[in-house]
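These notes concern the structure reproduced below.
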Amino acid sequence: MMSTHVHDALDQVRQLQHAILERIRFHGFSGPTRAISGTFALMAAILMSTPHYPQTAKAHLLGWAAVLSAALFLNGGALIRWYLLDTSVQRNPRRLRPVLDVIPPLFVGGVLTAALILHGELDLLFGIWMLMFGLVNLTSRHVLPRAINWVGLFYIFAGTAWILTPGLSFMSPWSMGIVFFAGEWAGGLILYLDDKRLERAAPRYFTQTETSHDE
């Protein structure tokens, strides 16, 4: 009898732990769309490095702006779909608070980007963008899997190296493409695998609890 009560208590603790994790974990950021966005960055780098692409600063700015627009469309669409269709969200605006947390680093990155373009200092842009994405990942670390910290640190290390290394050029897109491909694929895999882990854990905890109560 005592062992049955202990088993019931442990199952209830597991169920509670899972419920807490599900509540803390933010599911509005999609792993697959992050990976696709990283692929877009690499594809853009390949395209812009070919002799057929105009080798002007304006053309390269437009190329990266297209990548940004596509990434915003994909990730924004995934966020809206999650908010509207996920029954656990119930269209509660408070569930979008983690999105508000990433706005400050994105805004600062946008301001610095505009300032560098206006002053003609384009060679620093890649470093600024990498640092910005590093801060975005670290800002989200409390509502995403712990491993996302390493993605943030990777971006910050890469951005620091770019800014402090003399002679690097905005007209050479490979560094940007490779760093963002690696970072976004890593972040996307982390989110995707964690989602699958939580999906596998949920039915096990609830099944164990129902079975123990039936006994």
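Data table
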{"read-out": "Answer from LEU135, LEU116 - the residue that is aliphatic (A, V, I, L, M), surrounded by fewer than 18 Cβ atoms within 10 Å (Cβ to Cβ) and assigned to a helix (DSSP H, G or I)", "value": "LEU116"}
{"read-out": "Residue match in segment 81-91 (condition: charged (D, E, K, R) and touching a Phe, Trp or Tyr at 6+ places or on another chain (Cβ under 9 Å))", "value": "yes"}
{"read-out": "For GLU199: the one exception among (1) exposed (fewer than 14 other Cβ atoms within 10 Å of the Cβ); (2) under 27 Å from SER69 (Cβ atoms)", "value": "(2)"}
{"read-out": "Members of segment 113-139 that are over 21 Å from the mean Cα position of the chain (by Cα) and more than 15 Å from ALA65 (Cβ to Cβ)", "value": "ALA115, LEU118, HIS119, GLY120, GLU121, ASP123, LEU124"}
{"read-out": "Within segment 163-187, tally of residues that are under 17 Å from LEU61 (Cβ atoms) and either crowded, with 24+ Cβ neighbours inside 10 Å or among the charged types (D, E, K, R) (or both)", "value": "3"}
{"read-out": "Extreme residue, surrounded by the most Cβ atoms within 10 Å (Cβ to Cβ), among residues of segment 58-78 that are over 16 Å from PHE181 (Cβ atoms) and under 15 Å from the mean Cα position of the chain (by Cα)", "value": "ALA78"}
{"read-out": "Subset of segment 40-57 [of a type outside the set (Gly, Ala, Ser) and surrounded by fewer than 16 Cβ atoms within 10 Å (Cβ to Cβ)]", "value": "MET43, ILE46, LEU47, THR50, PRO51, HIS52, TYR53, PRO54, GLN55, THR56"}
{"read-out": "Considering residues of segment 140-162 that are free of Cβ contacts under 8 Å to residues at least 40 places away in the same chain and among the small types (Gly, Ala, Ser) only, the residue surrounded by the most Cβ atoms within 10 Å (Cβ to Cβ)", "value": "ALA158"}
{"read-out": "Tabulated pairs, segment 92-120, first without any contact (Cβ under 8 Å) to a residue 60 or more places away in the chain, second hydroxyl-bearing (Ser, Thr, Tyr) and not in a helix (DSSP H, G or I), C-beta under 9 angstrom, 6+ apart or interchain", "value": "ASP101/SER140; VAL102/SER140"}
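Here, each number is a calculation from the coordinates, and none is a lab measurement. Keep in mind that what you see is a predicted model, and the values were worked out from it rather than measured. Note: ideal-geometry Cβ built from the backbone for every residue, glycine included; neighbour counts use all protein chains shown.
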